[in-house]
Amino acid sequence: MAKRDSTTRWTGGLNSGKGSVTLDSSNAGQFDVTFPRRIGEPEGTISPEELIAAAQSSCLAMNLAGVLEKEGLSPSTIDVSAEVTVDPAGGGLNISAIDITLRAEVDGVDADRFAQLAKTAKDTCPVSKALAGTTINLDASLGS
């Protein structure tokens, strides 16, 4: 069983405070976070939603590679982008949608079969399953 962790240290109030997120498992870095930049222009800071987008895109790319291999297909490239939409809701915030754009180069599969396999990969991706309460839209096609 794999476990991954990160730590956030926050100081101050919501709008005047700031924090830093440390990616502990990988030791890949420490990143600044603030609430005003979370809902405004990022200006060099990350947000929980950007981390979710990174998790969704990387997980789906890996999962699609596995789904294709199980079908005897070998992708040349898989490019996935994920856009997380955050809206005000009930005095707070709500992640209302994740829009995924997926493009892949895969020989030996037609567009319809590829679309089915991409949907399977999205539906079985661990991050997609963890985010099941959010609408996840998929635009998948062959080609760059």
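Structure values in brief
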read-out	value
Mean residue ellipticity (222 nm) of the chain, computed from DSSP H runs ≥ 4 via -39,500 (n - 2.57), nearest 500	-10000 deg cm²/dmol
GluC sites (Glu not before Pro) within the stretch 1-69: DSSP coil, no more than 13 neighbouring Cβ in 10 Å	E43
Net charge dipole size for the stretch 28-117 [Lys, Arg +1 and Asp, Glu -1 on Cβ; Debye, nearest 20]	240
Sequence-separation-based contact order of the stretch 56-132, relative, with Cα cut under 8 Å and 6+ spacing, percent	37
0 to 90° range, to nearest 10: angle between helix 111-124 axis and the chain longest Cα axis	40
The chain, relative contact order in percent, only Cα pairs under 8 angstrom and at least six apart counted	18
Cut-off under 5 Å, modelled amide H: who pairs with I46 long-range	D32
Between helix 48-70 and the chain: long-axis angle, C-alpha atoms, 0 to 90°, nearest 10	20
Under Karplus coefficients 6.51, -1.76 and 1.60, residue-wise ³J(HN,Hα) of the stretch 25-31 in Hz, glycine/proline x	4, 8, 6, 7, x, 10, 10
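None of the figures in this text is laboratory data; all of them are computed from the coordinates on show. Since we're looking at a predicted model, the values are computed, not measured. Backbone-built Cβ (ideal geometry, glycine too); neighbour counts: all protein chains shown.
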